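The values are calculated or read from the model by the stated rules, or taken from the named source; none is laboratory data. This one's a predicted model, so the numbers in the text were calculated from it and none came from an experiment. So basically every Cβ, Gly included, is an ideal-geometry build from the backbone, and we count neighbours across all protein chains shown.
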């Protein structure tokens, strides 16, 4: 079989396949006119299969979707939907209860309790911005609740308020005891009353009492800073909660000048009794110089004046060296220098 014959056969098979496929399509097209319901049934079946597939997919998605989270008791308290009908805004910050404060947005039980503790510690709020002194209540959280609170006769904050002694996660360390009224008299306050001051525990309270006894009573509140551990910051936190009757200013003590020490007398060397070792103590004196001084003393029968040292040769004694030695020299038994009216002649 030649290549040409093979090519003709392949082409014939291709034509037959195309013709058969066209006849099939034509038959199906004519059948739709003869029995329209058959075509409709085919479409309906296809649609049913599609809808069933979509239903299965949707069901599987719903089954894998996690349930909506359940709010905890504290989160529910902060949700605006959980606000009781009996709460009326704005709330009085100095009389609001724990339950009422819990209804404020983004304020749960922990922050509500911290607000109550700090209110007790201060003896009452004077300005709503004092809430930002509490750890965790920043500018953003404060702005969210500012309009829901009020204070009667609200006052501007003139000075920085004392820091709270604890954070919302910590219990109050020194909440004011019942019956304690501020300011406290610093000279009569008891240990229990002093313990209610912010950042003053039992140890500092006892130290205050001990120092009060030592002084015989405080005359100025700033004397508290004499106690170890009570710094400027801690003092400013309690200064407004204390008072002293007839408080007096603290006058700075002028330190007494130290008495002037009398100058010690310069030890002098007696040229008529000194040996070699003693002469070597003179500044710049060498063994050769000391020996020359001893020989001169023997020659002249003893020194009458230190100036007689200039009788030594110039290479051993000169004016500069003598002036350096003069304050240390003596020639009599009492160690006083005797200066004659005229210097002795030099012996060379």
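Observations on the model:
- Tabulated pairs, region 269-291, first on the phi > 0 side of the Ramachandran plot and in the same structural domain as residue 308 (by TED's automatic domain parsing), second at pLDDT below 90 and not in a loop (DSSP other than H, G, I, E, B), C-beta under 9 angstrom, 6+ apart or interchain: 284/321; 284/324; 284/325
- Members of region 137-180 that are at pLDDT 90 or above and closer than 24 Å to residue 201 by Cβ: none
- Residue count for region 187-197, restricted to those that are in contact with a helix residue (DSSP H, G or I) (Cβ under 9 Å, 6 or more places away or on another chain) and in a loop (DSSP other than H, G, I, E, B): 5
- Selection count, region 198-227, where residues are exposed (fewer than 13 other Cβ atoms within 10 Å of the Cβ) and touching a helix residue (DSSP H, G or I) at 6+ places or on another chain (Cβ under 9 Å): 3
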